[in-house]
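What follows is a set of notes on a single structure, which appears directly below.
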Amino acid sequence: MTLKELTPDKLYLVALSGGADSVALTLMMKEKGLNFYALHCNFHLRDEESDRDEAFVRNFCNKHDIPLDVCHFDTKTSAKEHGVSIEMEARELRYTWFAEQANKLKAEAICVAHHKDDQAETLLLNLIRGTGLRGLSAMHPDRTINGLRILRPLLDITKQEILDYLASRHQEYVTDSTNLERDALRNRIRLDVIPMLQELNPNITDCLARTATNVRMELDSDSQERYYHRWLSPFGFNRQQILDIFEHRPKEEGGHSVKTGLTWLSNTHILLKDRGKWVLEERKEYTDTDMPKLVVRELPAKFKPVRKDFLIGGQAFIDADRIEGPLAIRHIVSGDRFRPYGMKNGTKLISDYLTDRKVNKLCKHEQFVVTDTANGNIIWLVNHTIDNRYCLTSDTKRIMQLSTER
């Protein structure tokens, strides 16, 4: 689940600690015009710093007109009563309250600000502790736990991208001082292990996050993501492409993307999203030998086509005396214009003409035109229509018949 897939017609909750990540997520959701409540937990674990965070969050939400709920917890006492670590108790208290608020407000989900660096750290943390495949899949972008749907819209965004975003908005945030202490294993992974691995591979964060995604796709065999992988990988599309394709899946498949005309290329195939449908075809490299042959015949003026648009079964009929030079056939190119039959004045982009007739991008790529080489005018949009300036009239004395053959 990415930020693009969140929609204004649903109510969301967002966990807002006041740190850079949650502030960025909240601000992004605000800029996107989403309907949401911010939730802040004060665990009273860092004395004055905890109260500082709460005050910052209240001021931030007030400034940006964001509805906010705050909950206070006596986390140390609660952890002692339950015989668990403070960290585990804080997590339990937080998500229990989130679930209560989600039920109370009838919210679609709670959005949390885990990002790509967090994902890489989680995979390493699970690996160090000893884990199976589920642990290697790390954090999921969309998961329901005990009835609470948890969304992580920033899992594909790095920490640096978040900081750059905040800097571009001149937006301040607070820093949790405990994140700089090396007594917690996750902090040591972030501060020590990741930098060491970056010396071996500068892209280690991307690689680890991608590994988690790959494992998740393998495990979730019935998921739509896995279906897309099984469908497209035999045609040479890589995992990153498939994830991007999945993100742009049609609304009919549960997606939110309305863009049409998007294409993805593998070494052998091309995938097109056209008006809510997928079109998959083998890639073709066109050469002169692929060009159809133009066949030209002259007919007596007494011959009259039955159809008014002067097209019959893949043949075109034009006024031969209006042609200035030899005819040539070629693929359409960007910017090609002509005057479609029936259009009295002006010209129209061929790409627009084909779009109006719901011709998809792949078919456009294979479209041919016949031109008058003396002036470059397009005479015939092959198998569609002729240019109105070359149509037959009552004054026509010579008729030229055009057709193509392979």
Fluctuation leader among Leu272, Leu125, Leu191 - the chain, Gaussian network, Cα springs under 10 angstrom: Leu191
Fewest-first ranking of Val382, Val333, using other Cβ atoms within 10 Å as the exposure measure: Val333, Val382
Residue (of Ile110, Phe56, Pro67) at the positive-pole extreme of the range 1-134, dipole from beta-carbon charges: Ile110
Contact order normalised by residue count of the chain, Cα under 8 Å, 6+ apart, percent: 12
Signed unit charges on C-beta, dipole axis of the chain, positive-most listed residue Leu11, Leu45, Ser177: Leu11
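Calculate the all-directions average of the projected area of the range 3-204's alpha-carbon convex hull, and give it in nm².
12.2
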Pairwise FRET efficiency - Val333 versus Glu49, Cβ, R0 = 56 Å, nearest 0.05: 0.30
Span-like helix ranges in the chain, DSSP H, alpha carbon extent 27 angstrom or more, Kyte mean at least -1.0: 86-105
Over the range 288-405, relative contact order from alpha-carbon pairs under 8 Å, at least 6 apart, %: 44
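Could you list the trypsin sites (Lys or Arg not before Pro) in the range 331-385 that lie in coil according to DSSP, counting only those with at most 16 other Cβ atoms within 10 Å of their Cβ?
Working: sites: Arg337, Lys344, Lys348, Arg357, Lys358, Lys361, Lys364; in loops: Lys344, Arg357, Lys358.
Those that pass, being in a loop and sparsely packed, are Lys344, Arg357, Lys358.
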Residues Met343, Met217, Met88, sorted so that the one with the fewest Cβ neighbours within 10 Å comes first: Met88, Met343, Met217
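Using a/c under 1.5 as the rounded threshold, could you call the chain rounded, prolate or oblate? The axes a ≥ b ≥ c are square roots of the C-alpha gyration tensor eigenvalues, and prolate needs a/b larger than b/c, oblate otherwise. Write down the numbers at each step before the final one.
Details: a/c = 3.54, a/b = 2.71, b/c = 1.30.
Since a/c reaches 1.5 and a/b is larger than b/c, the shape of the chain is classed as prolate.
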Neighbour-count ranking [beta-carbon atoms within 10 angstrom, fewest first] of Phe60, Phe235, Phe246, Phe36: Phe235, Phe246, Phe60, Phe36
Unit Cα scatterers, Debye sum, the range 44-102: log10 I(q)/I(0) for q = 0.15, 0.20 Å⁻¹: -0.54, -0.86
Computed [θ] at 222 nm, helices only, for the chain once each DSSP H run of length n ≥ 4 contributes -39500 (n - 2.57): -10000 deg cm²/dmol
Separation of the Glu324 and Arg398 label points, Cα + 7 Å toward Cβ, nm: 1.7
Mean-position separation - Cα centroids, the range 384-406 and the range 149-224, in angstrom: 64
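The numbers here are math on the coordinates, done by the rules we state, and not lab data. Keep in mind the model is a prediction, meaning the values are calculated, not measured. No Cβ is skipped: glycine too gets one built from the backbone with ideal geometry, and neighbour counts run over all protein chains shown.
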